[in-house]
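Quick note: the coordinates plus some simple rules give every number you see, no bench work behind them. Computed from a predicted structure; not experimentally measured. We place every Cβ from the backbone using ideal geometry, glycine too, and count neighbours over all the protein chains shown.
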Amino acid sequence: MKKIAYPLLAGLMLISSAHAADPKPTPDETALRNGQKSAQFCRHCHGVGGSSVREDTPNLAGQNEAYLLTQMEKFVSGKRKNEFMEGLIKALTPEERKNIALYFSQQEVVVKPVANAAQAASGKRLYESLCISCHGATAYGTEKVPRLASQQPPYLQDSLKRYRSGSGERIDPLMAAYTRNLKDADIVNLSAYLASMR
Ligand code: HEC
Ligand code: HEC
């Protein structure tokens, strides 16, 4: 029991904050324009406007602004490991990072057709029993948890396997706890479902 108490408790805390009022202020136009400029180079992998065309590369479009900034900070501090991304984000100023996070958070994701409806249906059942408490029914993300809806399935699979293995590329105690008992097939099904969410 002891092992499971921590993620459950943290999960409950995340739920209560996810339901707090979430007013959408009009974004600062200058910051948005500067963000778009600084994000020019990112399109080579993350796609124009952050809708990725590469399977191993996440969509940044529509991703939560605070989450994007946190991940950039993790690349800078070495808490998240990807040699290329670490070097690239280090070369940006804190203000550029902030503007880029704002810019991508405001873009619409270009969705792809559902690849495997049977896998997505199995994934939905797992998602509703294991993940919905934090990631929510729409999986659109909050300041505390990333958006998962319409994300690239191979990227989702890689990420879930990294949390599960504890190999160090991605470390998060909550995600480690919730992926620990997943089988590879569960990961494939969950990723198919998340990619199909609109
Ligand atoms: C050469 C390809 C490439 C370029 C160019 C690139 N990225 Fe990435 N980026 C990746 C890959 C691959 C990942 C996934 C890394 C992983 O699996 O942890 C990633 C991950 C990210 C993440 C984490 C997203 C998430 O969902 O957790 C952020 C944020 C990010 N990149 C921002 C940027 C920004 C900002 C730029 C431009 C300044 C940029 N990237 C340019 C390849 C690239
Ligand atoms: C207790 C809350 C909680 C639960 C339950 C949870 N997650 Fe997460 N999830 C998080 C947090 C917090 C992060 C961000 C961690 C980080 O910074 O690396 C995250 C990150 C992720 C990511 C990385 C997204 C990206 O853009 O890189 C994926 C994929 C993910 N979760 C899928 C799932 C799935 C699938 C389940 C159910 C099996 C699940 N999560 C259950 C809190 C949770």
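Answer yes if at least one residue in region 154-163 is basic (Lys, Arg) and more than 13 Å from ligand 1 (Cβ to nearest atom), and no otherwise.
Step one: of region 154-163, the residues basic (Lys, Arg) are 161-162.
Then keep just the ones that are more than 13 Å from ligand 1 (Cβ to nearest atom); that gives none.
Looking through region 154-163, none of the residues is basic (Lys, Arg) and more than 13 Å from ligand 1 (Cβ to nearest atom).
Applying the selection to region 100-135, what residues are more than 18 Å from the chain's Cα centre (by Cα) and among the polar types (S, T, N, Q)?
Asn116, Gln119, Ser122, Ser129
Are any residues in region 160-172 without any contact (Cβ under 8 Å) to a residue 60 or more places away in the chain, near ligand 2 (Cβ under 10 Å from one of its atoms) and not charged (D, E, K, R), and if so, which ones?
Leu160, Tyr163 - these are the residues of region 160-172 that are without any contact (Cβ under 8 Å) to a residue 60 or more places away in the chain, near ligand 2 (Cβ under 10 Å from one of its atoms) and not charged (D, E, K, R).
Please find, among Ala115, Ala120, the residue that is surrounded by fewer than 18 Cβ atoms within 10 Å (Cβ to Cβ), more than 21 Å from Ala39 (Cα to Cα) and touching a residue at least 40 places away in the same chain (Cβ under 8 Å). So that I can check it myself, show each step before the final result.
Working: Ala120 fails: surrounded by fewer than 18 Cβ atoms within 10 Å (Cβ to Cβ).
Exactly one residue qualifies, and that residue is Ala115.
Kindly indicate whether Ile187 is within 25 Å of Gly50 (Cα to Cα), among the aliphatic types (A, V, I, L, M), within 11 Å of ligand 2 (Cβ to nearest atom) and surrounded by fewer than 17 Cβ atoms within 10 Å (Cβ to Cβ). Outline the logic, then answer.
Numbers: within 25 Å of Gly50 (Cα to Cα): yes; among the aliphatic types (A, V, I, L, M): yes; within 11 Å of ligand 2 (Cβ to nearest atom): yes; surrounded by fewer than 17 Cβ atoms within 10 Å (Cβ to Cβ): no.
Judged against the criteria, Ile187 is not a match.
Working only within region 23-53, note down all residues that are in a loop (DSSP other than H, G, I, E, B) and surrounded by 18 or more Cβ atoms within 10 Å (Cβ to Cβ).
Ala39, Gly47, Ser51, Ser52
Inside region 76-96, can you point out the residues that are surrounded by 15 or more Cβ atoms within 10 Å (Cβ to Cβ), within 7 Å of ligand 1 (Cβ to nearest atom) and in a helix (DSSP H, G or I)?
First, the residues of region 76-96 that are surrounded by 15 or more Cβ atoms within 10 Å (Cβ to Cβ): 76, 80-81, 85-86, 88-89, 92, 96.
When the remaining residues are screened for being within 7 Å of ligand 1 (Cβ to nearest atom), the result is 80, 85, 88-89, 92.
Selection gives Met85, Leu88, Ile89.
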